[in-house]
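Note sheet for the following structure.
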Amino acid sequence: MAAEEESNSLQYTPTWVVAVVCFFFVLISLVAERALHHLGKFLKHKQQDALFEALQKLKEELMLLGFISLLLTVFQGLVSEMCIPTYYVSTVLLPCKKHSEGKTPEKHFPRDINHRRRLFSTEAASDHCSREGKVPLLSLEALHQLHIFIFVLAVVHVIYCLITMVLGGARIRQWKQWENEIQGHLNDRHVDEHHTSFVQHAQGWRKTAILSWTMSFFKQFHGSVTKSDYTALREGFIREHCPSNPRYNFHDYIMRTLQVDFKKVVGISWYLWLFVVIFLLLNVKGWNTYFWLSFLPVVLLLIVGTKLEHIIIRLAQEMSEMKERGETAQVKPSDEHFWFKNPRIVFFLIHFILFQNAFELAFFFWILCTYGFHSCIMEKLGYIITRLIMGVIVQVLCSYITLPLYVLVTQMGSCFKEGIFKEHIHSTLTTWRSGPRDQGSRRGSSAPNSATKTDRLHKEPYETLQIVEQQPMCTSIQTLQNSG
């Protein structure tokens with residue numbers, strides 16, 4: 001066995017084989033790197049700073065994957081030589097029953113047998129542990145398959161998020177016509193008519209919380225966002241954050257916030273990697289973990305959609321109460337309507353939903369390509385069909401219902417978002433914000449008051465920036481954007 005391994009090593013491989021394989025790997029890597037570079041230049045040229053930052057986030061994820069790959073490669077020998085008692089790998093938390101329990105390897109793993117990859121030192125590591133009466137902690141082949149799964153998961157997550165954002169963005173672009181109509185009827189009774197229609201949503205549901213939540217649940221499936229909803233929420237946002245500029249383009253603003261959120265959602269945060277570890281742990285034979293897991297994103301999407309619709313109803317109820325008191329009826333944005341007074345919780349839930357559904361799809365296709373359709377990990381045919389149907393439902397719900405609702409309703413928080421500035425204005429303000437601070441640090445204590453103000457602005461992100469003098473700020477925003 002040792003002689004066979006030595007004959008297959010690099011020192012006995014023809015140099016032309018090594019050179020050709022190395023050339024093609026380097027060529028593919030350079031082509032991919034250059035393609036990403038030119039895509040970044042194209043986005044910068046088109047002033048799509050949010051999408052450019054999303055591309056940078058994607059590069060960070062690729063670098064993380066490369067680092068994981070490097071660790072798995074460097075430490076694969078060390079891991080495979082770690083030995084543990086046979087009991088822990090033959091009876092504890094197994095995704096499939098051992099072949100000795102009545103089933104042959106051919107029935108369980110036909111593709112695994114036919115396409116098995118022979119890595120160096122696999123037999124040697126097994127012999128090392130067997131001499132001690134133990135087994136390897138993780139074989140080299142299993143380590144290699146885990147490596148492939150992590151890569152597949154990251155790729156599927158990025159593609160899935162991209163598809164969801166594109167479809168959701170297409171749905172939001174349909175509201176552009178409403179924005180144009182509102183801009184053309186600012187001096188008519190057109191807006192007041194929509195306000196009246198919006199308030200009527202709250203009639204009859206004011207004192208019936210159960211019916212109000214029930215209405216919110218079903219409304220997300222039919223007319224989740226109506227023209228009256230859009231008009232009223234738009235008017236409330238502008239009066240709260242930009243009262244001196246009634247012609248502020250609210251639709252362009254929410255499209256920019258969608259792009260800003262996209263650059264965050266394509267990333268895989270630490271808590272999402274923790275989720276992967278937990279569910280890999282729970283993939284035990286007989287538990288049907290992934291079957292039950294497939295219902296989780298659907299349930300979360302319905303909860304989030306119901307909550308967002310209920311916020312719209314609550315805003316309409318508040319307008320109705322203002323009318324009854326003889327006050328000027330308008331939507332009053334506030335964090336009070338959101339869970340724990342934090343609109344960002346909705347974003348984290350949507351991020352988790354997208355990743356969890358991508359995990360389901362990635363795991364399915366990885367098992368299909370690695371072990372075959374009849375692998376015991378695949379579970380029963382009915383479970384497989386149900387999981388795929390749940391994945392499609394999540395895609396449709398998130399793209400056409402929940403994501404557009406999120407983009408619109410989360411603007412009803414107490415603070416505006418980073419997207420209130422166009423890309424080039426945002427870049428200019430970011431440069432201006434950091435520039436004086438750097439100069440102040442070089443001057444030392446020559447301008448303490450200026451440095452203090454700059455430090456305060458530097459520490460306040462756009463998501464939490466509060467406008468005290470609204471009229472001058474909004475006028476400045478519109479002036480800058482028109483000049484841009």
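The values are calculated or read from the model by the stated rules, or taken from the named source; none is laboratory data. Being a predicted model, the structure only gives us computed values, none of them experimental. Neighbour counts run over all protein chains shown; Cβ positions are idealised from the backbone, glycine included. Remember, those area values only see protein heavy atoms, side chains included, never the ligands or the DNA or RNA. Shrake-Rupley method; radii C 1.70, N 1.55, O 1.52, S 1.80 Å.
Here are some notes:
- Heavy-atom accessible area for F218, with the other protein chains in place and a 1.4 Å probe, reaches approximately 130 Å².
- Under the simplified labelling scheme, the V17-V396 pair shows an inter-label distance of 5.2 nm, with each label point 7 Å from Cα along Cα→Cβ.
- Inter-centroid distance (Cα atoms) of the range 301-344 relative to the range 226-259, Å: 15 Å
- Relative to the current alpha-carbon distance between T328 and W273, full extension at 0.36 nm per residue lengthens the span by 14.9 nm.
- Solvent exposure ordering (accessible area, 1.4 Å, most first) of H222, H157, H337: H222, H337, H157
- Percent carbon-and-sulfur accessible area, the range 347-411, ignoring ligands, DNA and RNA, probe 1.4 Å: 81 percent
- Ordered by solvent-accessible area of protein heavy atoms (1.4 Å probe), largest first, the residues K57, K227 come out as K57, K227.
- Computed accessible area, W339, all protein chains, 1.4 angstrom probe, square angstrom: 70 Å²
- Sequentially through the range 320-325, phi angles give Karplus couplings (6.51, -1.76, 1.60; θ = phi - 60°) of 5, 5, 4, 4, 5, 7 Hz, Gly and Pro residues having no value and appearing as x.
- Förster radius 45 Å - calculated FRET efficiency between V155 and S130, Cβ distance, rounded to 0.05: 0.75
- Subtracting the Cα-Cα distance of F365 and F291 from 0.36 nm times their residue separation leaves 25.2 nm of extension gain.
- Solvent exposure of the range 134-181, expressed per residue, is 45 Å² of accessible area, with all protein chains present and a 1.4 angstrom probe.
- Calculated FRET efficiency for the pair L30/T73, C-beta based, R₀ 22 Å, to 0.05: 0.60
- Inter-site label distance for K97 and Q174 at 7 Å from Cα along Cβ, in nm: 5.1 nm
- Computed from label points 7 Å out along Cα-Cβ, the spacing between R247 and L388 is 5.4 nm.
- On the basis of the beta-carbon distance and an R0 of 45 Å, L146 and F340 show a calculated FRET efficiency of 0.80.
- Accessible-area value, E60, 1.4 Å probe, nucleic acids and ligands omitted, Å²: 100 Å²
- Alpha-carbon centroids, the range 12-85 and the range 374-404: separation in whole Å: 30 Å
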